[in-house]
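What follows draws every value from the coordinates through simple rules; no lab data is involved. Just so we're clear, the structure is a prediction, and the values are computed from it rather than from any experiment. As a convention, Cβ positions derive from the backbone with ideal geometry for all residues, glycine included, and neighbour counts pool all protein chains shown.
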Amino acid sequence: MSGTTPIAKPTFSLQKYGIVLAFLGLCALVSLVCQIKVMQGVWPVNVFLTLNNLMLILHQISVNGVLAVGMTFVVISAGIDLSVGSVLAFSGMVAASFATRYTGVTVWSDTYMVLAPVTAALLGGALCGAVNGWIISRFRIQAFIATLGMLLAARGMTMAVTGGNPISALSPDFRWFGTGRLFGVVPVPVIILILVFAVAWVILNKTVFGRYVYAVGGNEKSARTSGINTRAVLMWVYVLAGFLSGLAGIILTAKTGSAQTAAGTSYELDAIAAVVIGGASLAGGVGRLTGTFFGALIIGVMNNGLDILGVESFYQLIIKGALIVIAVIIDSRRMSP
Amino acid sequence: MSAPLLSMRTIRKSFGSVHALTDGNLELKRGEIHALCGGNGAGKSTILGILMGFTRPDGGDIQIEGQPVRFANAHQALTAGIAIVQQELSGVPQLSVAENIFLGAAPRRHGFVDFPTLNRHAEDLLARLGFDIDPRAMLGSLSVASQQLVEIAKALSRQDADILIFDEPTSALGERDTQRLFDVLRDLAAAGKGIIYVTHRLAEIFTIADTFTVFKDGATVATGRVADIHRERLIEHMIGGTIDGEYVKDNVPGTDPRLQLRALSRAPWFSKVDLTLHAGEILGIYGLVGSGRSQLLDTIYGLETPDEGDILVGGMPQRPGSVGAALRAGISYVTEDRARSGLVLCASVGANLSLSKVRFIQRLGFIDEAAEKAGILASIQRMGIKTPSPDQIVSNLSGGNQQKVVFGRCTAVAPKVLLLDEPTRGVDVGAKKEIYRFISEFAADGGAVLMVSSELEEIIGMSDRVLVLKQGRTVAEFPRDETTQKALMMAAV
């Protein structure tokens, strides 16, 4: 049967900015409710609309945001990475084991206390990602299965590092990555988050590699006939996701001041949620980092807003679950008129 | 005289501001095979969609044996005796052939599927049709051609169907299966059914159809008996103008060898293939489905690794099994199935056009955006791609324009050797000619073309030389002036 008639798209598309509108709408809703409380005299000020709270929200989403950047690449390449939470925990544990003064060795300099844990954590994360990528591209195993394996294995390795014990008493220099503030205002994790998004955006939109990620996710066979080394592309996508999990592990460990074996449990789901709310398709080939950024923000504002309003955590989960499904329903209806 | 089996008059249908159908007319009598012709976007799909109950018309009337009908959904159309064989394979690959044929209509016993009866029915049906297919085999394990035959058997299993629609049923079939299908169609017509046959292949219209209707821009522009119309006239109706010849051929083959294969083998597909392709030459490869022709092109391009033998490009030995090396040596490949392996359908026209090229216009991994944009616009112009903008998603284009995008991507890297596998499959007459013109120009400029096609006329019309491949071996070679349909068929079968 003949093809569909070409139809020009409207110049201003809700498609492109719908997520921003949704985000602004959510902010307006939360601040409205807060304002009502102020007018009723329950609260002295609108606590939602303060610079401090904005920074708090950004601080709170920094870990999930960094994970979601890696997840965006993975999802666009038509894959999924369930292991990011466990790899985060593993990297955090590796970092902590280098950043504590109670390893029996006391001659380490302060510089070493920063460089060694950071390098080790990033390498550890990237290595886990490389194993994922190798299994997926070499053996043609579904990403879901391969990374499910890594989800368990990395959690096991985390516990194996210390025999199941947490590591605390971390060097203050290392903890700067989680608790430091630039100019006394902007938390370091927020700076890292923004840098990661900026660099990733450039990679995805301006480089040949970024273009190949879209192509491999859109149609792997066509990508191959176009001369793309699809195996290498997939490999690097998972290495990147692992690397960013390592970075997220550094932030979380530095923030909380100790590496827990159960850290990052089910974080992969929040990362996937941010990507999906941001408009990426789990079928691959479609997705944007700006979408993911606002997806992460929406989750952050919702958590923050519901916390401020004193909504109990079980209701928060119900609302969050509904939001994810509704976002995808709206998205799929928009795509297929 | 009794009323015709089907009569559709002045059918209108708009989708938003797009007038898909302004004056659609179609009449079908019992016992006749009626060819429905027209380019992509001419309105064929829309009128068939209305007939099948998928879409509702805005106006006009439909009568079946003189009775006005109006279908609200596909089920009503089915009940009224209308069945369709879709162009796209729509079976369930994980189920058996028999289960697919009787999908949703399987015989039951005590609420469970009665498999012995199911298989027996399927076996009888396939035997009656002359299809050599095991009803117990899993559909997904069959070749595309066999799957298409199963699809046909499925449509014919609904015995109460009086009106049968075949939408490009032969696009995946080889010569032998096509002939078998034609026999089946003739038997069905002789039994008093009415058959609507949609195809892009003109030769088929003259082989199989009794009557025809031509659609152009949403309206019926011609209808009549096939015996009363000349081929050229039919094409003129379809493109709405006059044409001078279907094929364009201005190239003169040179003597400079561009691509040489020496005893190239890959089990079980082909063995000891030798050929030399010269600059400026169009070399046709003809063979039945399963003769190893697509696999040969895959191997030359490096998608597959040969077991033994050499590939030389411009005299230089080629690293086997590397697409990157092939691209750098100047080989480009238009594959058989653009949706599966030619295009990234969810991406834009521009992204598709530059996909092979970006690796050559980068600096430290960054794409040179100015060069990319210029290249995309040049490709759109060179190939005459009709698209509102380079940002248009490629799946929104017509089949012919999609194929031009594949050509545009492949030639954006300025190849010296172009491998073509079924270069005009699923492309309407107008776009076909543009593609032929492009191939001819490419060769005239010194490019070398290796073209696989199962359309005999296309092979004969375009090739300077034709090699016949049979069961993975080259069995014959014909220079242009000795190539005839008969000679090719004799060599290939």
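Brief remarks follow.
- Over all pairs of different C-alpha atoms in chain B, the reciprocal of the mean inverse distance, the Kirkwood hydrodynamic radius, equals 24.3 Å.
- Using only side-chain charges placed at the Cβ, +1 for Lys and Arg and -1 for Asp and Glu, the dipole size of the range B:257-492 relative to its Cα centre rounds to 300 debye.
- Cα-Cα separations in the range A:170-260 greater than 21 Å, expressed as whole percent: 47 percent
- Simple Cβ-charge dipole of the protein assembly as shown, Lys/Arg +1 and Asp/Glu -1, about Cα centre, in debye nearest 20: 1740 debye
- If R0 equals 22 Å, the separation of the Cβ atoms of B:H230 and B:Q179 corresponds to a calculated FRET efficiency of about 0.35.
- Debye intensity ratio I(q)/I(0), log10, the protein assembly as shown, q values 0.07 Å⁻¹ (C-alpha model): -0.67
- Equivalent ellipsoid of the range A:53-335: semi-axes from √(5λ) of the C-alpha gyration tensor, largest first, are 30, 24, 17 Å.
- Average beta-carbon neighbours from other chains, 10 Å sphere, peptide B:387-397: 3
- Size of charge dipole - chain B - debye, nearest 20, with Cβ of Lys, Arg +1 and Asp, Glu -1, no other charges: 680 debye
- Listed residues A:S168, A:S31, A:S77, most fluctuating in chain A (Gaussian network, C-alpha, under 10 Å): A:S31
- The range B:257-492, Cα convex hull volume normalised per residue, Å³: 116 Å³
- Each label was represented as a point 7 Å from its Cα along the Cα-to-Cβ direction; for B:A263 and B:A203 these points are 3.5 nm apart.
- Net charge of Cβ neighbours under 15 Å - reference A:F90; Lys, Arg +1; Asp, Glu -1: -1
- Kirkwood Rh and Cα Rg combined as Rg over Rh, evaluated for the range B:347-461: 0.98
- Rounded to 5, the percent of DSSP beta bridges in the range B:257-492 classed as antiparallel: 55 percent
- Environment charge at B:L28 (Cβ cut-off 12 Å; Lys +1, Arg +1, Asp -1, Glu -1): -2
- Using R0 = 35 Å, the C-beta based FRET efficiency linking A:T50 and B:K373 works out to 0.20.
- Amide H to amide H, with H built 1.01 Å from N, B:Y333 comes under 5 Å of B:L419, counting only residues 5 or more places away or on other chains.
- At q = 0.12, 0.19, 0.22 Å⁻¹ the log10 of I(q)/I(0) for the range B:1-130 amounts to -0.63, -1.11, -1.28, computed by Debye summation with a single uniform scatterer per C-alpha, solvent ignored.
- Within chain A, helices built from complete DSSP H runs that reach 20 Å or longer along their own axis (Cα positions) and carry a mean Kyte-Doolittle hydropathy of -0.5 or higher are A:14-39, A:51-76, A:84-99, A:110-139, A:143-162, A:188-206, A:230-256, A:289-308, A:313-335.
- Theoretical FRET efficiency, 1/(1+(r/R0)^6), r = Cβ-Cβ of B:R363 and A:Q316, R0 35 Å, to 0.05: 0.15
- Length added when fully stretched, B:Q471-B:D307, from 0.36 nm per residue minus Cα-Cα: 57.4 nm
- Peptides A:229-236, A:137-144 ordered by average Cβ neighbours within 10 Å, highest first: A:229-236, A:137-144
- The orientation-averaged shadow of the Cα convex hull for the range B:6-239, equal to a quarter of the hull surface, comes to 13.3 nm².
- Calculated log₁₀ intensity ratio I(q)/I(0) where the Debye formula runs over C-alpha points of the range B:121-178, q = 0.13, 0.14, 0.21 Å⁻¹: -0.32, -0.38, -0.86
- Most fluctuating residue given options A:Q260, A:Q316, A:Q60, as computed from a GNM of chain A linking Cα atoms under 10 Å: A:Q316
- Centroid-to-centroid separation of the range B:110-154 and the range B:194-226 [C-alpha atoms, Å]: 30 Å
- For the range B:442-469 and the range A:272-314, distance of Cα centres in Å: 54 Å
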